[in-house]
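The values are calculated or read from the model by the stated rules, or taken from the named source; none is laboratory data. Here the structure is a predicted model, which means the values were calculated and not measured. Cβ coordinates were reconstructed from backbone atoms using ideal geometry, including for glycine residues, and neighbour counts include every protein chain displayed.
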């Protein structure tokens, strides 16, 4: 199974480093999907 994670433009946020934060979140999400698979990955 192939899962694509799309990185899109992020609206301006209050966080000074919002783009870096989004990149970190997406990187971890991608790693978890690869390690655990779709069925065993949750986000709270």
Worksheet item: Give me the pairs: first residue in the range 21-38 and on the phi > 0 side of the Ramachandran plot and free of Cβ contacts under 8 Å to residues at least 60 places away in the same chain, second residue surrounded by 11 or more Cβ atoms within 10 Å (Cβ to Cβ) and not in a helix (DSSP H, G or I), beta-carbon distance under 9 Å, and six or more apart or on different chains, which are they?
Response: none
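Please indicate, with yes or no, whether at least one residue in the range 23-43 is in contact with a helix residue (DSSP H, G or I) (Cβ under 8 Å, 6 or more places away or on another chain) and modelled with pLDDT under 90. First the steps, then the outcome.
In the first step, residues of the range 23-43 are kept if they are in contact with a helix residue (DSSP H, G or I) (Cβ under 8 Å, 6 or more places away or on another chain); the result is 41, 43.
From what's left, modelled with pLDDT under 90: 41, 43.
Yes, the range 23-43 contains a residue that is in contact with a helix residue (DSSP H, G or I) (Cβ under 8 Å, 6 or more places away or on another chain) and modelled with pLDDT under 90.
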